[in-house]
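Trainee: Just dropping this structure here.
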Amino acid sequence: MTETHFRTCPLCEATCGLEITVRDGAVVRIRGDRDDVFSRGFICPKGSALKHLHEDPNRLRVPHRRTPEGHVPITWDEAWAEIEDRLGAIRTEHGPDAVGVYLGNPNVHSLVAPLFLPHLIRALGTRNLFSASTVDQVPRNVSTGLMYGDPYGVLLPDIDRTSYLLMLGANPFESNGSLASAPDWPGRLGALRARGGRLVVVDPRRTKTAAAADEHLAIRPGTDSLFLCALANVIATDGLVDLGDAAPHVNGIEEALAAVTPWTPERVAGPTGIDAATTRRLAHELAAADRAVVYGRIGVHTVRGGTVASWATDLLTTITGNLDRPGGGMFGLGAHSAPRSPEGGGRGFKIARWTSRVSGRPEAASELPVAVLAEEIETPGPGQIRALLTIAGNPVLSTPHSERLDAALATLDFMVSVDLYLNETTRHADIVLPVPSQLEKSHYDIVFTNQTLRQVANWSEAIFPTEQPSEREVLTTLTTIAGGGPPPFGGATEEEILDGMLRKGPWGLTLDDLRAHPHGIDLGPLEPRLPSNLRTPSAKVELAPPEIIEPLPELLASIEADASAVDGELLLVGRRHVRSNNSWMHHIDMLVRGKDRTALHLHPRDAAAHCLVSGDTVTICSRVGELDVVVEVTEEVMPGVVSLPHGWARVNSNVLTDGEAFDPISGNATLNGIPVRLRPGGARSETPSSA
Ligand SMILES: Nc1nc2c(c(=O)[nH]1)N[C@H]1C(S)=C(S)[C@@H](COP(=O)(O)OP(=O)(O)OC[C@H]3O[C@@H](n4cnc5c(=O)[nH]c(N)nc54)[C@H](O)[C@@H]3O)O[C@H]1N2
Ligand SMILES: Nc1nc2c(c(=O)[nH]1)N[C@H]1C(S)=C(S)[C@@H](COP(=O)(O)OP(=O)(O)OC[C@H]3O[C@@H](n4cnc5c(=O)[nH]c(N)nc54)[C@H](O)[C@@H]3O)O[C@H]1N2
Ligand code: SF4
Ligand SMILES: [Mo]
């Protein structure tokens, strides 16, 4: 019997519709759903890998216990009993902070996790909460929270209607976009240029996105905050500031412009490598464009000035009259969003309400920076982490100074992981709990439909039944063990909870409405929302939050000082490939076959200086670690910059990234612009393995 199922791919932020053909209980084909209201048939190679993930014999289906002989299967009753005993004893003896939690990236691609994790965290009552956010987008959450009051209500680039997109530190041709959800960025950016618009990409690498742009500017890693401030400076000093229809909703314009006054194009030219005339021209182009928007991602957020850069992108969109305007920066709205008052206003957003125990790093959005997880495990004293719970994360590969964390995890008294696989992180866990595969659970993209570039709603029914406990049962049982009291939401299922949210949402939909539309419901383009989306106490956009403006002069001066190159030093940046997904799925043959993707990209000038040619093996060293890598000489990277991907077991850039390097405002780790040196004669390694 052949059936066809339609569902949303949960693997990245693009939310593509998939058409999945099942015959006699097995997936026979996955392709893009041509009738999906948002993706119209677009798919990337990872979408079809869902079949392999589902069928993978190595995917965990029962709980496992760590023994001296390796992990062995146990029953659910045994797993729960051991977790209850050992976690309970540690909490009783050492208090709630003795249990640390790391939440990994796939949690935001789940319907259940965002609904049920907050109850688990509350029940655990620990301040030692960490997630992938602090190796990713927390600078964006911080600037967004301070400017608009809601850290998750990020400003989205309306790429489908803009005539000028300035994109920095993002490569959606490989990543499929982030903090701005839409399938088919190549198609959308192509359409922007086809209608006469202009795409400018700022990146130390000539990425596929940069190659498809009207203009590519190679910038010195870590200096975008200076460059963005200089653009705002020109717009201010040349009298081009125009707030447009957003003017009545904006506070702090004078203070914001005063903060960028010292940062002229001439001053930042040296540190950024972008000449002053180009910066001036771009500022004028932005101001003159019919509709313009500035969008930055990983490359500008995971650096020392990440929060300033995130703030400055929104400042530029605002002062060119493009805030909350079609074709400019707009705010998203999910069909499940809570009702909002038309006047806006709220309690606002605060940072650094507490700091980490050992090195005093700031809290942001109730989390501590994951870069301090290792030291919080290693350092004795009250509040030391003795037990760890990881859920859908592989921090041993994903976070800075990864070898230190790997060693620290081995010293824990107890560790539990909720994961689909045994890997570099979960191998340390005393108990590993599996959840059903992506095709065995229902889905509604509860996080990303709040930030899609069109308003859409899709429901995905589970395709296959499973005997395993559901993800909800796993999380609620952990919550009960943590003393969480009666089940959250009165014991309702995720379907019932979502139905309630949709009914109260802006379009008053029901889950049955979604079920009746297997290709999704298109709720139209983004619409202006100010001031209803604002949660600041003033009910205004705060363009000059003191938490950003006060540290800004010293921070930018230190970035400027760091940018005076040290002889022989190179700066390491990351890169993504369309057939990879962070640290996992590297065992799926269809995604890893072909040329090795972990080579060190090195510019011909630097290759010559180091007497290296493609194929040579070299040792790359940073302050904290070293790696033997194979060199690929390429003009894709600018001179002085080298690039490696993260998340691979054998060659992982996080062996080199430094836990001591961070954005002081948000606490986010610095993952780009890491000073490194090359040492010849690394041991020639055998053919790289796939994981
Ligand atoms: N140097 C450097 N480091 C980086 C980055 C970078 O650009 N450069 N990027 C950073 C970014 S943006 C991110 S988001 C992080 C990601 O880093 P992590 O948060 O560690 O996430 P992943 O690497 O995606 O690992 C996902 C884990 O979840 C498991 N998993 C998959 N699906 C499920 C599921 O449905 N349920 C459960 N319970 N488990 C599941 C997988 O087996 C895997 O162990 O890495 C960061 N690290
Ligand atoms: N195929 C694939 N897709 C993914 C992922 C994946 O691992 N693989 N991960 C997903 C996740 S969790 C996320 S958060 C998103 C991330 O989505 P993107 O932000 O688009 O991620 P990257 O492809 O890492 O692009 C970052 C770019 O910043 C550049 N860069 C580095 N340093 C600097 C700098 O100082 N300044 C500037 N201007 N640029 C710099 C890098 O060269 C790189 O091209 O991707 C998601 N999608
Ligand atoms: S682009 Fe993202 S959502 Fe679309 S098929 Fe690929 S992994 Fe899935
Ligand atoms: Mo991410």
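The values are calculated or read from the model by the stated rules, or taken from the named source; none is laboratory data. Note that the structure is a prediction, hence the values are computed from the model and not measured. Reconstructed Cβ throughout: ideal geometry from the backbone, glycine too, with neighbour counts over all protein chains shown. When the accessible area is computed, the model is the full protein with side chains, heavy atoms only, and any ligands, DNA or RNA have been set aside. Shrake-Rupley method; radii C 1.70, N 1.55, O 1.52, S 1.80 Å.
Trainee: Considering only residues that are open to solvent by less than 10 Å² (accessible area, probe 1.4 Å), hydroxyl-bearing (Ser, Thr, Tyr) and in contact (Cβ under 8 Å) with a residue 60 or more places away in the chain, which ones fall in the stretch 426-443?
Mentor: The one that is open to solvent by less than 10 Å² (accessible area, probe 1.4 Å), hydroxyl-bearing (Ser, Thr, Tyr) and in contact (Cβ under 8 Å) with a residue 60 or more places away in the chain: Ser437.
Trainee: Residue by residue through the stretch 655-666, note down the ones that are within 16 Å of ligand 4 (Cβ to nearest atom) and touching a strand residue (DSSP E or B) at 6+ places or on another chain (Cβ under 7 Å).
Mentor: Across the stretch 655-666, the qualifying residues are Thr657, Ser666.
Trainee: For Val651, indicate whether it is in contact with a strand residue (DSSP E or B) (Cβ under 9 Å, 6 or more places away or on another chain) and either open to solvent by 10 Å² or more (accessible area, probe 1.4 Å) or part of a strand (DSSP E or B) (or both).
Mentor: No, not satisfied.
Trainee: Tally up the residues in the stretch 120-136 that are more than 27 Å from Phe662 (Cα to Cα) and away from ligand 1 (no atom under 16 Å from the Cβ), please.
Mentor: Going through the stretch 120-136 one residue at a time, the tally reaches 3.
Trainee: Here's something else I'd like to know. Collect the residues in the stretch 140-195 that are small (Gly, Ala, Ser) and within 16 Å of ligand 1 (Cβ to nearest atom), keeping them in residue-number order.
Mentor: Correct list: Gly169, Ala170, Ser175, Gly177, Ser178, Ala180, Ser181.
Trainee: For the stretch 112-143, give me each residue that is free of Cβ contacts under 8 Å to residues at least 40 places away in the same chain and over 16 Å from Arg353 (Cβ atoms).
Mentor: Pro118 - this is the single residue of the stretch 112-143 that is free of Cβ contacts under 8 Å to residues at least 40 places away in the same chain and over 16 Å from Arg353 (Cβ atoms).
Trainee: Check whether at least one residue in the stretch 558-573 is in contact with a Lys or Arg (Cβ under 8 Å, 6 or more places away or on another chain), at pLDDT 95 or above and surrounded by fewer than 16 Cβ atoms within 10 Å (Cβ to Cβ), and report yes or no.
Mentor: Checking the stretch 558-573: at least one residue is in contact with a Lys or Arg (Cβ under 8 Å, 6 or more places away or on another chain), at pLDDT 95 or above and surrounded by fewer than 16 Cβ atoms within 10 Å (Cβ to Cβ).
Trainee: Same structure, new question: State which residue is farthest from ligand 2 (Cβ to nearest atom) when the search covers only the stretch 106-127 and only residues that are open to solvent by less than 10 Å² (accessible area, probe 1.4 Å) and more than 27 Å from Ser175 (Cα to Cα).
Mentor: Ranking the qualifying residues of the stretch 106-127, first place goes to Leu124.
Trainee: Taking the stretch 392-416, which residues are more than 23 Å from the chain's Cα centre (by Cα) and either within 17 Å of Ser622 (Cα to Cα) or of a type in the set (D, E, K, R) (or both)?
Mentor: Correct list: Asp413 only.
Trainee: Also, I was wondering about something else. Would you be able to tell me the number of residues in the stretch 449-469 that are open to solvent by less than 10 Å² (accessible area, probe 1.4 Å) and either in a helix (DSSP H, G or I) or of a type in the set (S, T, N, Q) (or both)?
Mentor: Looking only at that region, the number is 4.
Trainee: Additional query: How many residues are assigned to a strand (DSSP E or B) and surrounded by 23 or more Cβ atoms within 10 Å (Cβ to Cβ) if we restrict to the stretch 663-675?
Mentor: Residues that pass the stated criteria total 2.
Trainee: Going by the conditions given, is Phe6 outside any strand (DSSP E or B), surrounded by 12 or more Cβ atoms within 10 Å (Cβ to Cβ) and either at pLDDT below 95 or aromatic (Phe, Trp, Tyr) (or both)?
Mentor: No.
Trainee: Quick one: what pairs do we get from the stretch 248-265, first residue at positive phi, second open to solvent by less than 50 Å² (accessible area, probe 1.4 Å) and in a loop (DSSP other than H, G, I, E, B), C-beta under 9 Å, 6+ apart or different chains?
Mentor: Gly252/Leu543; Gly252/Ala544; Gly252/Pro545
Trainee: Looking at the stretch 596-627 only, could you name the residues that are of a type in the set (A, V, I, L, M, F, W, C) and in contact with a strand residue (DSSP E or B) (Cβ under 8 Å, 6 or more places away or on another chain)?
Mentor: Hits for the stretch 596-627 are Ala599, Leu600, Leu602, Ala607, Cys611, Leu612, Val613, Val618, Ile620, Cys621, Leu627.
Trainee: If you go through the stretch 524-557, how many residues are open to solvent by 30 Å² or more (accessible area, probe 1.4 Å) and either outside any loop (DSSP other than H, G, I, E, B) or within 30 Å of Leu571 (Cβ to Cβ) (or both)?
Mentor: 10
Trainee: Further, regarding this structure: Just checking: which of the helices (runs of 4 or more DSSP H) contained wholly in the stretch 267-385 hold 2 or more residues that are more than 16 Å from ligand 2 (Cβ to nearest atom), open to solvent by 40 Å² or more (accessible area, probe 1.4 Å) and over 24 Å from Arg205 (Cβ atoms)?
Mentor: In the stretch 267-385, 276-288 are the helices (runs of 4 or more DSSP H) which contain 2 or more residues that are more than 16 Å from ligand 2 (Cβ to nearest atom), open to solvent by 40 Å² or more (accessible area, probe 1.4 Å) and over 24 Å from Arg205 (Cβ atoms).
Trainee: Does Gly484 qualify as being modelled with pLDDT under 95 and open to solvent by less than 40 Å² (accessible area, probe 1.4 Å)?
Mentor: It is true that Gly484 is modelled with pLDDT under 95 and open to solvent by less than 40 Å² (accessible area, probe 1.4 Å).
Trainee: Identify all residues within the stretch 444-501 that are among the aliphatic types (A, V, I, L, M) and without any contact (Cβ under 8 Å) to a residue 12 or more places away in the chain; write none if there are none.
Mentor: Ala492
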